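Inspection log for the structure reproduced underneath, given as structure tokens.
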Amino acid sequence: MRNRLRLLWRFITAPFRLIFWIVRTLLGWLGTLLGEIKGLFAEDPEDSDVVEALTKAVQDPGGLLDHLNDLRKHLFRGLVVLAITTTISFAFAEDILDFLARPVNGLDRLEAIGVTESVGVFMRVSLLTGFTAALPYIVLEMLLFAAPGLKRKERFTGLVAIPLITVLFLGGMAFAYFVVLGPALNFLLNFIFNTTPRPSEYYPFVTGMMFWFGIAFEFPLVIYVVVAMGLVRANVLLEQSRLAVVIMAVLAAAITPTVDPINMLLVWGPLVGLYFLGVGLAFIAQRGRDRRLKAA
């Protein structure tokens with residue numbers, strides 16, 4: 001009888017114990033995260049070059065395993081947040097689907113044929129929305145992983161750059177939607193034949209274009225970071241600008257969903273502008289790096 005009562009009590013209290021466990025886990029996670037963010041402002045690590053770091057990794061493989069374990073921890077936490085934001089985006093997915101369908105005059109223009117087609121499109125759009133919402137936290141986790149090897153000023157710069165990374169990604173997505181998508185769809189849907197797009201083809205096309213434009217708009221920030229780390233000098237980037245313009249043309253041809261030169265120019269022009277913006281930021285980073293080296 002006592003065992004049955006105990007089992008009944010555990011059954012009744014199971015939801016409350018589950019809620020308590022979730023709250024305790026989240027609070028512990030938050031405490032650990034705040035502690036790691038506080039560690040971003042700790043003392044600078046000892047100076048060591050890349051060769052020395054690789055030598056230590058070969059001599060002490062256990063240290064490398066510790067780094068891999070830390071990377072796994074940060075990736076896991078980023079994936080958990082991505083799963084949460086993607087789940088939350090389910091509530092807004094229908095409105096987002098309608099918004100993305102406006103260039104083709106709304107959802108009524110799209111015709112689904114496959115049984116699972118609508119579900120697949122729903123999940124794809126929700127995943128892109130969840131990734132966009134989780135992007136600041138994912139970048140923060142990557143910064144926390146790299147923090148032990150960065151100086152205090154570099155950690156603070158990375159922390160400040162997180163909002164800029166998010167804004168650039170959103171700017172790239174907005175540019176793809178409002179500038180490139182309309183002319184591209186007008187060309188594709190009216191080329192020789194009038195086309196009725198399927199959701200399984202239309203939404204991957206739209207979300208893929210928006211995602212890659214979001215990534216491309218991070219290019220100036222990447223150039224700034226590479227120069228600030230001393231991996232390349234700003235004057236080299238300027239001297240190789242002609243080669244960069246050709247590479248941008250190749251990238252524009254790969255990203256552009258159509259074969260007409262007008263849409264390719266719509267992609268190529270911003271990429272070239274982003275490159276030269278990155279070169280300008282590179283000279284700022286180079287000046288700051290040279291000043292720090294002289295002061296040292």
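In deg cm²/dmol and to the nearest 500, what is the mean residue ellipticity at 222 nm of the chain if only DSSP H runs of at least 4 residues count, each as -39500 (n - 2.57), divided by the residue total? Before the final figure, lay out each step's value.
On the way: 12 runs with 232 residues, N = 296.
After summing the helix terms and dividing by residue count, I get -27000 deg cm²/dmol.
Looking at region 1-41, which chymotrypsin sites (Phe, Trp or Tyr not before Pro) are in a loop (DSSP not H, G, I, E or B) and have at most 12 other Cβ atoms within 10 Å?
Phe41
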Hey, could you pull the Cα Rg and Dmax for the chain, both in Å? 24.6, 85
Can you tally the net charge around Lys73? Count Lys and Arg as +1, Asp and Glu as -1, for every other residue whose Cβ sits under 11 Å from the Cβ of Lys73. -2
Residues other than Phe283 with Cβ under 14 Å of its Cβ, Lys/Arg counted +1 and Asp/Glu -1, net out at +2
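In the chain, what is the count of Lys pairs whose alpha carbons are under 23 Å apart, counting only pairs at least 8 residues apart or on separate chains?
Working: Lys38/Lys73; Lys38/Lys151; Lys38/Lys153; Lys56/Lys73; Lys56/Lys151; Lys73/Lys151; Lys151/Lys294; Lys153/Lys294.
Lysine pairs, 8 or more places apart or on different chains, close enough: 8.
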Cα-only Rg/Rh for region 184-243 with Kirkwood Rh rounds to 1.27
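Any read-out appearing in this document is the output of simple, stated calculations on the displayed coordinates, not a laboratory observation. Quantities reported herein were computed from a predicted structural model and do not represent experimental measurements. Ideal geometry is used to build each Cβ from the backbone, glycine not excepted, and the neighbour counts take in all protein chains shown.
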